[in-house]
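Single-structure report; data block below.
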Amino acid sequence: MNNHSLLVDATPHLISPPISPNRSTNSSPMKLGIMASGSGSNFEAVAQAIKDGQLNAQIQVLIYNNPGIKAVERAERWGVPSVLLNHRDYKHREELDTAIVEVLQQYQVDWVVMAGWMRIVTPVLINAFPDKIINIHPSLLPSFKGAHAIEKALEAGVKITGCTVHLVCQEVDSGLILVQAAVPVLPEDTPETLHARIQVQEHRILPQAIAQLAPRTTSATL
Ligand code: GRF
């Protein structure tokens, strides 16, 4: 950890519901498909949480839409197969989503994580994985839905913002909220500094939200 990340990490934050201690389940690991359009730091946070034993899951595949993104290097490093589905090759959103569903099924995914997936998804994908798709968004929803959430928060002059993990439904950034983290907006913030502060918390709440969705094994089923 460098000095910068130490500083960022030291800023006040609030996570709700609070991160619960390492919860091991007797269930088989959740099979995750992760979708990313950019750096993939959230992909890596999930991979690290699995490695650290904080999340009983395995990442089956990374689906990405922009050639050459850093997320692919990360997937290679973590030994996760990656599949490029370039949205520019598809005329309609539904066609892209059909291809996404095919890949997710091919890799036997049962939970889908949109970790910086910058495309609007359609019922083709949503109905193929009902209540099994989650998204991470860099604001305290329902504020600042859609693109440029961080810029919108700065323009609005809010003093607190954060990030949200929610279930995906048809309306953009509107599904059931699972976990949120709040951070202060500082007077000297730029979109970059604020995003860095939010991302520290994203990397905490995304694995936590996935763990929260894990099927629980009750004594009755043991
Ligand atoms: C995150 O800030 C997420 O909230 C937003 O896109 C960003 C992706 O970051 N939807 P990364 O690619 O995981 O680093």
Roughly speaking, what is the stretch gain from Ile19 to Asp110, that is 0.36 nm per residue apart minus the C-alpha to C-alpha distance, in nm to one decimal? 30.4 nm
Write down the accessible area per residue of the chain in Å², having rolled a 1.4 Å probe over the full set of protein chains. 50 Å²
Over the chain, relative contact order from alpha-carbon pairs under 8 Å, at least 6 apart, %: 24 percent
How high is the relative contact order of the stretch 49-145, in percent, counting Cα pairs under 8 Å that sit 6 or more residues apart? 21 percent
Can you tell me how the stretch 23-85 classifies by the Cα gyration tensor, rounded, prolate or oblate, using a/c under 1.5 as the rounded cut? prolate
Partners for Lys51 among lysines (Cα-Cα distance below 28 Å; same-chain residues under 8 apart left out): Lys31, Lys70, Lys132
Magnitude of the Cβ-charge dipole of the stretch 75-137, K/R +1 and D/E -1, about the Cα centre, nearest 20 debye? 200 debye
Give the residue from Leu85, Ala156, Val46 lying farthest towards the positive end of the charge dipole for the chain; charges sit on Cβ (+1 for Lys and Arg, -1 for Asp and Glu) and the dipole is referred to the Cα centre. Val46
Report the accessible area of Lys159, computed with a 1.4 Å probe over the heavy atoms of all protein chains in place, in Å² rounded to the nearest 10. 150 Å²
Is the shape of the stretch 84-149 best called rounded, prolate or oblate, per the rule: a/c under 1.5 gives rounded, else a/b larger than b/c gives prolate, else oblate, with a ≥ b ≥ c the square roots of the Cα gyration tensor eigenvalues? oblate
Can you pull out the GluC sites (Glu not before Pro) in the stretch 129-217 whose DSSP state is coil and whose Cβ has at most 10 other Cβ atoms within 10 Å? Glu171, Glu188
What is the Cα centroid distance between the stretch 156-189 and the stretch 65-109, reported in whole angstrom? 26 Å
Where the accessible area of the chain is counted over protein heavy atoms with a 1.4 Å probe, how much of it, in %, is carbon and sulfur? 54 percent
Among DSSP bridges having both ends in the chain, what percentage is antiparallel? Round to the nearest 5. 45 percent
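The values are calculated or read from the model by the stated rules, or taken from the named source; none is laboratory data. Please read these numbers as outputs of a predicted model, since none were measured by experiment. When we count neighbours, we look across all protein chains shown, and the Cβ atoms used for this are built from the backbone with ideal geometry, even at glycine. Accessible surface is based on the protein model in full, side chains and every heavy atom, while ligands, DNA and RNA are left aside. Shrake-Rupley method; radii C 1.70, N 1.55, O 1.52, S 1.80 Å.
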